[in-house]
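As structure tokens, the structure follows; a few thoughts come after it.
The values are calculated or read from the model by the stated rules, or taken from the named source; none is laboratory data. Just so it is clear, the structure is predicted and the values come from calculations on it, not from any experiment. Cβ atoms come from the backbone with ideal geometry, glycine included; neighbour counts cover every protein chain shown. These accessible areas exclude ligands, DNA and RNA; they are computed on the full protein's heavy atoms, side chains included. Shrake-Rupley method; radii C 1.70, N 1.55, O 1.52, S 1.80 Å.
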Amino acid sequence: MRVAAITGASSGIGAATARALAAEGYLTVLGARRLERLEQVAAETGGEAVELDVTDPASVEAFAACLESCDVLVNNAGGAHGLDPVASSDEEKWRRMYESNVLGTMRMTRALLPKLIASGDGHVVSVTSIAAFEVYRGGAGYTAAKHAQRAVHQTLRLELLGEPVRITEIAPGMVETEFSLVRFGGDEEAAKRVYEGMQPLRAEDVAECIRWAVSRPPHVNIDEIVVRPRAQATATEVHRA
Ligand SMILES: NC(=O)c1ccc[n+]([C@@H]2O[C@H](COP(=O)([O-])OP(=O)(O)OC[C@H]3O[C@@H](n4cnc5c(N)ncnc54)[C@H](OP(=O)(O)O)[C@@H]3O)[C@@H](O)[C@H]2O)c1
């Protein structure tokens, strides 16, 4: 049975990806910090839940050690904290964003690469964002981290040329998950306003892109998929009814 390791699988895009890849026949190994939530998703999908904090090198090593083999790694754990202008940046929030989105992707990939190569048909999927190539007011901490995550991911495409490992970047626009709740520190009203008057993507829409990319034949590398709601043209150009 092919094995897919999915980070940030306790909610949103990661949980939906766990369901999509389980339906595709994968044994899913799910990682996140909220173990109870993770166990619910694992129970639903017949997968395994392993506590994981991608900002902690020891936690990443312990997660990787749980896997006898690995065919697909989905680097999905991450997110945004705050929407402050550069002039009033909160260094701790910037650090957290860099740690989870960028170093988390590097650590997970480094830890699982030997197994992905040994599988003979490995695949690294990184969930970046349109924030990986666009910028917007107040977004510098997040866009800087996502630009960096994209750079790490694109470097892997070069460094793994000749190895049996595919590399896919998934760059979504607005998806209604816990993303905005986390960004606004649990402020539900602020989170709701982000999607007011427009229809955002659902986590399942992004998971379907991941499922499709990993289910192509081994010689076909889907380099990147940019997926946005119809009502969103750029990070800031959104049509609201
Ligand atoms: N929603 C959007 O509009 C959107 C758009 C573009 C890109 N993205 C990206 O998509 C990815 C998934 O986000 P989402 O929208 O599904 O939001 P979400 O519902 O908040 O999910 C984020 C996931 O990441 C996990 N996570 C966060 N920090 C972690 C850490 N240090 N170690 C392990 N897991 C960690 C969370 O689990 P725990 O809290 O349990 O650890 C959670 O499972 C993120 O990389 C985000 O930047 C989202």
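Here are a few things to note about the model shown:
- Counting only helices (runs of 4 or more DSSP H) that fall entirely inside the range 1-77 and contain at least 2 residues that are open to solvent by less than 10 Å² (accessible area, probe 1.4 Å) and either within 13 Å of residue 111 (Cβ to Cβ) or in contact with a Cys (Cβ under 8 Å, 6 or more places away or on another chain) (or both), the qualifying elements are 57-65.
- In the set (1) near the ligand (Cβ under 9 Å from one of its atoms); (2) part of a loop (DSSP other than H, G, I, E, B); (3) surrounded by fewer than 24 Cβ atoms within 10 Å (Cβ to Cβ), residue 81 fails one condition alone, (1).
- Boolean, residue 56 is near the ligand (Cβ under 9 Å from one of its atoms), closer than 19 Å to residue 5 by Cα and of a type in the set (D, E, K, R): yes
- Across the range 225-234, a minimum of one residue is classified as open to solvent by less than 40 Å² (accessible area, probe 1.4 Å), within 13 Å of the ligand (Cβ to nearest atom) and closer than 15 Å to residue 128 by Cα.
- Among the residues making up the range 175-221, a single one is open to solvent by less than 30 Å² (accessible area, probe 1.4 Å) and more than 20 Å from residue 78 (Cβ to Cβ): 198.
- The C-beta contact set for the range 127-138 (first residue within 11 Å of the ligand (Cβ to nearest atom) and assigned to a strand (DSSP E or B), second residue among the hydrophobic types (A, V, I, L, M, F, W, C) and open to solvent by 10 Å² or more (accessible area, probe 1.4 Å), distance under 7 angstrom, 6+ apart or interchain) comprises 127/13.
- Residue within the range 169-182 that is on the phi > 0 side of the Ramachandran plot, more than 10 Å from the ligand (Cβ to nearest atom) and at pLDDT 95 or above present: no
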